[in-house]
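The values are calculated or read from the model by the stated rules, or taken from the named source; none is laboratory data. Everything quoted here is computed from the prediction, not taken from an experiment. Glycine gets a Cβ as well: all are built from the backbone with ideal geometry, and neighbour counts include every protein chain shown.
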Amino acid sequence: MSLVDDVRRGLGGLDRAADAASVAALVRRQAPAAGTTALLEATGRMVAEVIGAGVLEPLLREPDVTDVLVNGPGVVWLDRGRGLERSDVEVVDDIELRRLAQRLVASCGRRLDDAVPYADARLPDGTRVHAVLPPVSPQGTCLSLRLPPRRTFTLEELVAAGSLSSDGAAMLSSLIDARLAFVVTGGTGTGKTTVLSTLLSLVPRAARLVLVEDAAELRPHHPHVVRLEARLPNAEGAGAVDLSALVRQALRMRPDRLVVGEVRGAEVRDLLTALNTGHEGGCGTVHANRPEHVPARFEALGAVAGLSRPAVHSQLAVALDAVVHLTRDRAGQRRIAGIAVLVAGDDGVVRAVPAVTFTRDGGLEPGPGDAVLRRMLAAAR
């Protein structure tokens with residue numbers, strides 16, 4: 001029997017809250033005469049099995065991986081920023097996969113079993129975990145892991161990567177300098193959080209940033225950042241703190257820039273109210289496939305918060321100035337596609353009007369809202 005099997009047999013009495021040091025100590029006790037190489041190998045495998053992601057751990061350590069997806073027993077899929085691709089890892093046993101999903105969820109204080117067959121949680125390192133058990137997922141246990149951004153890029157790095165032109169970078173920098181309120185939009189996996197972190201890094205050093213997030217993903221390079229993070233209910237369903245409550249608390253903390261990492265619920269009411277009470281330069285991210293869909297998205301979110309359509313549009317007209325839109329092509333290349341402005345019509349309905357498109361050849365293509373955007377930028381000088 002291998003050293004790893006010997007160690008695994010000794011794990012029965014190990015506390016669920018064990019850390020890497022306690023696992024290593026157990027390995028040494030189980031095999032005091034083993035060589036250094038064997039001890040290191042066993043320790044690494046046991047740490048992954050007891051407090052890590054098991055067979056998925058090597059994928060999570062790859063620097064470019066953003067998502068790891070398991071659709072029941074079989075091949076594990078991953079995303080390195082170029083779209084989904086098959087990995088070299090396979091999960092053979094659904095019992096093992098279920099055990100891994102339950103352990104990850106339990107480490108976050110959540111419950112996953114036959115009575116509660118799905119769970120959404122966040123690991124201490126910021127990795128989002130979502131799991132679904134059979135029979136809700138007939139093909140077997142489904143596990144989705146979304147990793148937080150590993151680093152914050154500069155505008156120059158985005159230009160070098162082909163995500164943005166130098167002229168586009170200058171315009172985005174002007175957007176921040178002008179203290180315009182904006183949202184970063186795009187579909188899933190387009191890099192909204194990454195781009196927002198980059199833009200927040202451009203905020204003047206003397207400003208105070210207050211970030212409100214479901215999970216701490218924004219990582220701006222800035223000396224004065226205050227983070228507020230939502231809290232999920234515990235296994236008994238108590239103790240939840242939602243984004244609406246956090247936005248209200250953030251307003252009492254003297255923010256120069258109020259940032260909501262992702263606007264997707266009733267917190268939209270408090271955010272719009274805040275941006276209408278003198279808090280310039282506020283921003284966040286919103287899921288939208290096109291800039292023109294942003295007003296409709298706010299309508300839907302406003303309905304969740306109990307706001308009428310006219311109320312949403314009247315607040316939106318004076319709360320937000322611009323939309324920075326991101327896309328992802330078929331090859332997986334993420335790109336900042338352009339900027340739109342939010343303009344209220346005579347009927348009081350707000351529409352997103354394209355102001356400038358960042359073309360693939362590096363140019364700027366003015367749109368019908370270009371004059372409005374330039375007036376807003378000029379007014380702030």
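Criterion first (among the hydroxyl-bearing types (Ser, Thr, Tyr) and in contact (Cβ under 8 Å) with a residue 12 or more places away in the chain) does residue 314 satisfy it?
Criteria met by residue 314.
Could you pull out the residue among 134, 138, 73 that is in contact with a strand residue (DSSP E or B) (Cβ under 6 Å, 6 or more places away or on another chain) and surrounded by fewer than 18 Cβ atoms within 10 Å (Cβ to Cβ)?
73
For the stretch 331-359, which positions are assigned to a loop (DSSP other than H, G, I, E, B), free of Cβ contacts under 8 Å to residues at least 40 places away in the same chain and not small (Gly, Ala, Ser)?
346, 347
State whether the residues of the stretch 207-217 include one that is touching a residue at least 24 places away in the same chain (Cβ under 8 Å), hydrophobic (A, V, I, L, M, F, W, C) and touching a His at 6+ places or on another chain (Cβ under 8 Å).
yes
Within the stretch 150-162, can you find the residues that are part of a loop (DSSP other than H, G, I, E, B), farther than 22 Å from residue 216 by Cα and at pLDDT 90 or above?
none
Sort out which residues of the stretch 169-220 are more than 25 Å from residue 249 (Cβ to Cβ), in a helix (DSSP H, G or I) and hydroxyl-bearing (Ser, Thr, Tyr), and write them in order of number.
173, 174, 194, 198
For every residue, the table says whether it meets (1) more than 28 Å from the chain's Cα centre (by Cα); (2) surrounded by fewer than 14 Cβ atoms within 10 Å (Cβ to Cβ); (3) modelled with pLDDT of 75 or more; (4) not β-branched (Val, Ile, Thr).
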{"site": "19", "(1), (2), (3), (4)": "no, yes, no, yes"}
{"site": "24", "(1), (2), (3), (4)": "yes, no, no, yes"}
{"site": "46", "(1), (2), (3), (4)": "yes, no, no, yes"}
{"site": "49", "(1), (2), (3), (4)": "no, no, no, yes"}
{"site": "54", "(1), (2), (3), (4)": "no, no, yes, yes"}
{"site": "79", "(1), (2), (3), (4)": "no, no, yes, yes"}
{"site": "98", "(1), (2), (3), (4)": "no, no, yes, yes"}
{"site": "114", "(1), (2), (3), (4)": "yes, yes, yes, yes"}
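Do the conditions hold for residue 234, that is, is it of a type in the set (S, T, N, Q), in contact (Cβ under 8 Å) with a residue 12 or more places away in the chain and over 26 Å from residue 130 (Cα atoms)? Don't jump to the end; show me each part of the working.
On the way: of a type in the set (S, T, N, Q): yes; in contact (Cβ under 8 Å) with a residue 12 or more places away in the chain: yes; over 26 Å from residue 130 (Cα atoms): no.
When the stated conditions are applied, residue 234 does not pass them.
Applying the selection to the stretch 154-206, what residues are more than 16 Å from residue 358 (Cα to Cα), touching a Gly at 6+ places or on another chain (Cβ under 8 Å) and hydrophobic (A, V, I, L, M, F, W, C)?
Once the filter is applied, which keeps residues that are more than 16 Å from residue 358 (Cα to Cα), touching a Gly at 6+ places or on another chain (Cβ under 8 Å) and hydrophobic (A, V, I, L, M, F, W, C), the stretch 154-206 yields 176, 180, 181, 183, 196, 203.
Among the residues of the stretch 143-162, are any under 30 Å from residue 54 (Cβ atoms), among the polar types (S, T, N, Q) and out of contact with any helix residue (DSSP H, G or I) (no Cβ under 7 Å at 6 or more places or on another chain)? Before you say what the answer is, go through the steps one by one.
Of all residues in the stretch 143-162, those under 30 Å from residue 54 (Cβ atoms) come to 143-152.
Imposing the further condition that a residue be among the polar types (S, T, N, Q) reduces the set to 144, 152.
From the residues that got through so far, the ones that are out of contact with any helix residue (DSSP H, G or I) (no Cβ under 7 Å at 6 or more places or on another chain) too are 144.
The answer is yes, given that some residue of the stretch 143-162 is under 30 Å from residue 54 (Cβ atoms), among the polar types (S, T, N, Q) and out of contact with any helix residue (DSSP H, G or I) (no Cβ under 7 Å at 6 or more places or on another chain).
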